[in-house]
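Participant: Structure incoming, see below.
The values are calculated or read from the model by the stated rules, or taken from the named source; none is laboratory data. In this text the structure is predicted, and so the values were computed from the model without any measurement. With ideal geometry, Cβ positions are generated from the backbone for all residues, glycine too; neighbour counts draw on all protein chains shown.
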């Protein structure tokens, strides 16, 4: 069990992995902690072992590359753990993390926090009912398991992720009943020049089908 290290990195996404690899190149002892089973984070999430064949994407190629680099480096990767408390002593950080129900402490001289973005689901009536999934959660299922979210879904949200979720739902064999956004007609008109510069995205089937402006 590792109890002391030069550098601890919390998070094994693209930022955390690269920070750990660079630190290891300078002969620092590095421990990287993450709650997922393998490095990659949300962007470079590893496919489920149940999937025998999947088409390569830029994200899957980058993910395999970073996972290979981590496995061949001197970085100690602690998978399936969850950090629950961090203390600062005079000359070190004390990281308390949970592993299989057991609390363990790790001392480090330097701490890198690379936990990425946090999904925020707007609470509305019914948002905790079965079948309601956050868009970040949906993308995790799409990337890891290559399956749609049920047979038919309504996507509601703001920003480009709503259309990505709709596109992936259809690509994986599901149906999209509607894409509902809070953007007004004026908002779309302001965005039109940028949209025209990306015709492959703007005029895709998922972007055009069932798009409601509220």
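Participant: Residues that are over 23 Å from the mean Cα position of the chain (by Cα), free of Cβ contacts under 8 Å to residues at least 24 places away in the same chain and closer than 14 Å to residue 3 by Cα: list the strands (runs of 3 or more DSSP E) wholly contained in the range 65-121 that include at least 1 such residues. Before you say what the answer is, go through the steps one by one.
Facilitator: Working: elements: 76-79, 82-88, 93-99, 102-113.
Strands (runs of 3 or more DSSP E) meeting the threshold: 93-99, 102-113.
Participant: Quick check on my filter: what residues within the range 49-60 are surrounded by 11 or more Cβ atoms within 10 Å (Cβ to Cβ) and part of a helix (DSSP H, G or I)?
Facilitator: Listed by number, the residues that qualify are 59, 60.
Yes/no per residue for (1) at pLDDT below 95; (2) more than 12 Å from the chain's Cα centre (by Cα); (3) not in a loop (DSSP other than H, G, I, E, B):
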| position | (1), (2), (3) |
| --- | --- |
| 2 | yes, yes, no |
| 7 | no, yes, yes |
| 19 | no, yes, yes |
| 23 | no, yes, yes |
| 28 | no, yes, no |
| 33 | no, yes, yes |
| 39 | no, no, no |
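Participant: For a quick check of your reading of the model, give me the residue pairs whose first member lies in the range 9-32 and is farther than 17 Å from residue 78 by Cβ and in the same structural domain as residue 107 (by TED's automatic domain parsing), whose second is modelled with pLDDT under 95 and in a helix (DSSP H, G or I), with beta-carbon atoms closer than 9 Å and at least 6 apart or on different chains.
Facilitator: 14/62; 14/63
Participant: In addition: Considering 58, 39, which residue is within 22 Å of residue 137 (Cα to Cα) and touching a helix residue (DSSP H, G or I) at 6+ places or on another chain (Cβ under 7 Å)? I'd like the intermediate steps shown before the answer.
Facilitator: Values: 58 fails: touching a helix residue (DSSP H, G or I) at 6+ places or on another chain (Cβ under 7 Å).
Only one candidate passes the filter, namely 39.
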